C-alpha cells in the first residue's frame with residue numbers, strides 16, 4: 001500500500017471511530033469503501049483476534065440455515081477495551097482476503113441493528129447470555145429499551161451452541177424471559193458445532 005493509500009485509509013478509519021462514516025467495507029483487494037452495500041441476511045460480528053476456521057464454519061452454517069448471504073463485521077470500538085489502532089485494524093482486515101468485512105464503531109447490538117436493519121445477528125451461546133443480562137446495559141438505555149430498538153429494526157439473533165467448561169450449551173440452556181423469546185432462534189448443533197475459540201488459539 002502506498003503512503004497516499006495509507007493516509008487515506010487512516011482518515012477513513014478515523015471517520016468511522018468519530019461516527020462521521022457509519023460503515024466501511026474492507027474488500028478482499030484491500031480497498032476501504034463506504035459506497036459498497038452488499039446485501040446480507042445475517043452478520044457474524046467479532047474482533048477476529050485471530051480469525052479461525054470456526055468463524056468460517058459458523059458463517060457457512062448460518063447461510064444454509066438462513067438461506068441468504070452472511071457477512072462478517074468488526075467494530076473498531078469496544079465497551080470494555082480501548083479502540084483498535086490503525087495497525088491492528090489493518091492486520092485483522094488482511095485475514096479477510098476472501099470475504100468483505102464490515103468496519104463500524106458499533107460496540108453494541110443496538111448500534112449494529114441501526115446500521116444493519118432487517119438482519120439476523122449470528123452469535124454464540126455466551127454472547128446471547130450477555131445480551132439478556134441487564135448488567136451490560138446503562139441507565140439511559142436499559143435492557144428493555146435496547147431490545148425494543150433491535151425489534152423495531154426488524155433484527156433478531158441466531159444462537160450457536162458453545163462448549164462451556166465440559167458441557168456444550170445451547171439456547172435451550174438459557175433462562176430466557178418469555179417476552180424475549182421471539183428475538184432468538186437456535187442454530188442446530190447438527191449444522192454447526194466447533195469448540196475452537198480465538199481466546200484458546202491466543203493462549204496456545
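The values are calculated or read from the model by the stated rules, or taken from the named source; none is laboratory data. Given the structure is predicted, the values throughout are model-derived calculations rather than measurements. Quick reminder, even Gly has a Cβ in these numbers, built from the backbone with ideal geometry, and neighbours come from all protein chains shown.
Residues are listed down the side, and each one gets a yes or a no for (1) farther than 30 Å from residue 34 by Cα; (2) within 20 Å of the chain's Cα centre (by Cα):
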{"position": "118", "(1), (2)": "no, yes"}
{"position": "142", "(1), (2)": "yes, no"}
{"position": "154", "(1), (2)": "no, yes"}
{"position": "163", "(1), (2)": "yes, yes"}
{"position": "166", "(1), (2)": "yes, no"}
{"position": "170", "(1), (2)": "yes, yes"}
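How many residues does the range 94-105 hold that are outside any strand (DSSP E or B) and either at pLDDT 95 or above or over 14 Å from the mean Cα position of the chain (by Cα) (or both)?
The initial filter retains those residues of the range 94-105 that are outside any strand (DSSP E or B), namely 94-100, 105.
Checking the rest, the ones that are also either at pLDDT 95 or above or over 14 Å from the mean Cα position of the chain (by Cα) (or both) come to 94-99, 105.
Within the range 94-105, residues that are outside any strand (DSSP E or B) and either at pLDDT 95 or above or over 14 Å from the mean Cα position of the chain (by Cα) (or both) number 7.
So, residue 50, is that one over 28 Å from residue 133 (Cα atoms), touching a residue at least 40 places away in the same chain (Cβ under 8 Å) and more than 12 Å from the chain's Cα centre (by Cα) or not? Lay out the reasoning, then the answer.
Details: over 28 Å from residue 133 (Cα atoms): no; touching a residue at least 40 places away in the same chain (Cβ under 8 Å): yes; more than 12 Å from the chain's Cα centre (by Cα): yes.
In short, no.
Among the residues of the range 60-81, how many are over 21 Å from residue 130 (Cα atoms) and in a helix (DSSP H, G or I)?
Filtering the range 60-81 for residues over 21 Å from residue 130 (Cα atoms) gives 60-61, 63-71.
This time we only want the ones that are in a helix (DSSP H, G or I), so: 60-61, 63-66.
Selection size over the range 60-81: 6.
Return the residue satisfying two criteria in turn: it lies in the range 149-175 and is surrounded by fewer than 16 Cβ atoms within 10 Å (Cβ to Cβ) and part of a loop (DSSP other than H, G, I, E, B), and of such residues it is modelled with the highest pLDDT.
154
Considering only the range 72-94, state which residues are surrounded by fewer than 18 Cβ atoms within 10 Å (Cβ to Cβ) and within 23 Å of residue 120 (Cβ to Cβ). Talk me through it step by step, then tell me what you get.
Taking the range 72-94 as the starting set, the residues that turn out to be surrounded by fewer than 18 Cβ atoms within 10 Å (Cβ to Cβ) are 77-83, 85-88, 91, 94.
Of everything in the range 72-94, those that are surrounded by fewer than 18 Cβ atoms within 10 Å (Cβ to Cβ) and within 23 Å of residue 120 (Cβ to Cβ) turn out to be 77, 78, 79.
Take the residues in the range 176-204 that are surrounded by 15 or more Cβ atoms within 10 Å (Cβ to Cβ) and at pLDDT below 85; name whichever of them is nearest to residue 61 (Cα to Cα).
197
Kindly provide the set of residues from the range 14-27 that are in contact with a strand residue (DSSP E or B) (Cβ under 9 Å, 6 or more places away or on another chain) and either at pLDDT below 85 or over 26 Å from residue 150 (Cβ atoms) (or both), ordered by number.
Once the filter is applied, which keeps residues that are in contact with a strand residue (DSSP E or B) (Cβ under 9 Å, 6 or more places away or on another chain) and either at pLDDT below 85 or over 26 Å from residue 150 (Cβ atoms) (or both), the range 14-27 yields only 27.
Going by what's in this entry, would residue 128 be described as modelled with pLDDT of 95 or more, surrounded by fewer than 12 Cβ atoms within 10 Å (Cβ to Cβ) and either within 19 Å of the chain's Cα centre (by Cα) or within 16 Å of residue 107 (Cβ to Cβ) (or both)? Spell out how you get there, then give the answer.
Numbers: modelled with pLDDT of 95 or more: yes; surrounded by fewer than 12 Cβ atoms within 10 Å (Cβ to Cβ): no; either within 19 Å of the chain's Cα centre (by Cα) or within 16 Å of residue 107 (Cβ to Cβ) (or both): yes.
When the stated conditions are applied, residue 128 does not pass them.
Can you say whether residue 102 is surrounded by 12 or more Cβ atoms within 10 Å (Cβ to Cβ) and touching a strand residue (DSSP E or B) at 6+ places or on another chain (Cβ under 6 Å), as far as the supplied structure shows? Before the answer, list the steps.
Details: surrounded by 12 or more Cβ atoms within 10 Å (Cβ to Cβ): yes; touching a strand residue (DSSP E or B) at 6+ places or on another chain (Cβ under 6 Å): yes.
Yes: the conditions hold for residue 102.
Being surrounded by fewer than 17 Cβ atoms within 10 Å (Cβ to Cβ), in contact with a strand residue (DSSP E or B) (Cβ under 9 Å, 6 or more places away or on another chain), over 22 Å from residue 146 (Cα atoms) and in contact (Cβ under 8 Å) with a residue 60 or more places away in the chain narrows it down to one of 38, 69, so name that one.
Working: 69 fails: in contact (Cβ under 8 Å) with a residue 60 or more places away in the chain.
Result of the check over 38, 69: 38.
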